[in-house]
1. Which condition does residue 441 not pass, out of (1) assigned to a strand (DSSP E or B); (2) under 30 Å from residue 118 (Cα atoms), if it passes all the others?
2. Please verify whether residue 47 is surrounded by 15 or more Cβ atoms within 10 Å (Cβ to Cβ) and either out of contact with any strand residue (DSSP E or B) (no Cβ under 8 Å at 6 or more places or on another chain) or farther than 30 Å from residue 345 by Cα (or both), treating the condition exactly as stated.
3. Please enumerate the residues belonging to segment 193-205 that are surrounded by fewer than 17 Cβ atoms within 10 Å (Cβ to Cβ) and within 25 Å of the chain's Cα centre (by Cα).
4. Does residue 317 qualify as being over 23 Å from residue 245 (Cβ atoms), assigned by TED's automatic domain parsing to the domain that holds residue 112 and either surrounded by 22 or more Cβ atoms within 10 Å (Cβ to Cβ) or modelled with pLDDT under 95 (or both)?
5. Does segment 25-40 include one or more residues that are crowded, with 16+ Cβ neighbours inside 10 Å and closer than 15 Å to residue 321 by Cβ?
6. From (1) buried (at least 18 other Cβ atoms within 10 Å of the Cβ); (2) in a loop (DSSP other than H, G, I, E, B); (3) in contact with a helix residue (DSSP H, G or I) (Cβ under 8 Å, 6 or more places away or on another chain); (4) assigned by TED's automatic domain parsing to the domain that holds residue 420, pick out the condition that doesn't hold for residue 384.
7. Got a sec? Which helices (runs of 4 or more DSSP H) wholly within segment 43-109 have at least 3 residues that are closer than 16 Å to residue 129 by Cβ?
8. Residue 409 is checked against (1) at pLDDT 85 or above; (2) loosely packed, with under 12 Cβ neighbours inside 10 Å and fails just one. What number does that condition carry?
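The values are calculated or read from the model by the stated rules, or taken from the named source; none is laboratory data. Predicted model only: the values in this text are computed from it and were never measured. When we count neighbours, we look across all protein chains shown, and the Cβ atoms used for this are built from the backbone with ideal geometry, even at glycine.
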């Protein structure tokens, strides 16, 4: 559903105003940011306790307790209690589902709410509602990430944008792109699942100033540019939704002269963190979200260590309050302040989702959990344009390689992986290498680096610790 020009201008002005508020907060010293965060959290909780029957019960007896003492909200729990969580008593999950299934023009639910949906790749799809105020904050969160990269939103400068990701009308990035699309930001959105020659042809015809893509797709497109089939010169390249590896950074820079800017976010929260051009580090939007890195038992992990999950509290959510909402990502926060002098916490590394951890046979019996970075260290230096490690039903590993640039001896790669896995205490039944034309993609167009065909039963869960996170 396209907005009239006047409505687009009004929306753009609202986003610019919100961005100006954000810029002022970015100059604050850390104690003031933390005070603002706590005041925002108090307002969020008061709103939820007044208007959400679910939170009235879920936090009963805990209304004045610190955030860290509140229970965790999972996606399954949220969907089960959706009607009681939302703060508008006219909203019903069955009506939201019917709206999504019957509408193909992204019309607003009840003429008030934008609806975003997750794919359900983790087994449980989710629906999330945003009113105009919340949507302005979401758009501003994406604009802030671009501004931190040096691309300031302006009513006087046009930049052509191309996105290669999901084109589902209910994906939050599709809706952001649709809202931003205007005279100031002419844009095309291409499905990452399309055949690569079609994507290349359309990008060559569009000639974008800004390219936004899944991390795996940015590497594939960089290889196409270096091979002479893609001929674009974007000023900015942004990646999200997947782990951005060091080799992908290097190949993107080789193709277009600048490293990509990484952003970390979710459908539920919009952007959570983004890289700044002055330090090239991910800074958490602590004036918009509270991010907690925790272990499997939801205990906080110290800075410098990877957590098993992330708990996020969205400070601007009101329609569907998210307080200590669980996201299955493994991240590491830094121990020290950023040398740039910025007050926001730095998110040092993202090593993927819990689903990316492979549970392999251990040398001493039982099973051991092997983190994605164990594979990344070996695979990321291989002379290929794409790779994927697949755990088979018998626990053997199949390594898929595409776009080999130099001679690569399969056994050399197998030996390197075997040694790296042995260091983690894993004993793999076998590793084989397959050379493929392209890495298989999920329906969304993502090409996960790590994939398990094996389904773990409870008796097969790891008993020998984490297997060594990096």
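1. For residue 441, the exception is condition (1).
2. Spelling it out, residue 47 is indeed surrounded by 15 or more Cβ atoms within 10 Å (Cβ to Cβ) and either out of contact with any strand residue (DSSP E or B) (no Cβ under 8 Å at 6 or more places or on another chain) or farther than 30 Å from residue 345 by Cα (or both).
3. If the condition is that a residue be surrounded by fewer than 17 Cβ atoms within 10 Å (Cβ to Cβ) and within 25 Å of the chain's Cα centre (by Cα), then 194, 195 are the ones that fit.
4. yes
5. Yes - at least one qualifying residue is present in segment 25-40.
6. (3)
7. By residue number, 75-80, 82-85, 93-102.
8. Residue 409 satisfies all of (1) at pLDDT 85 or above; (2) loosely packed, with under 12 Cβ neighbours inside 10 Å except (1).
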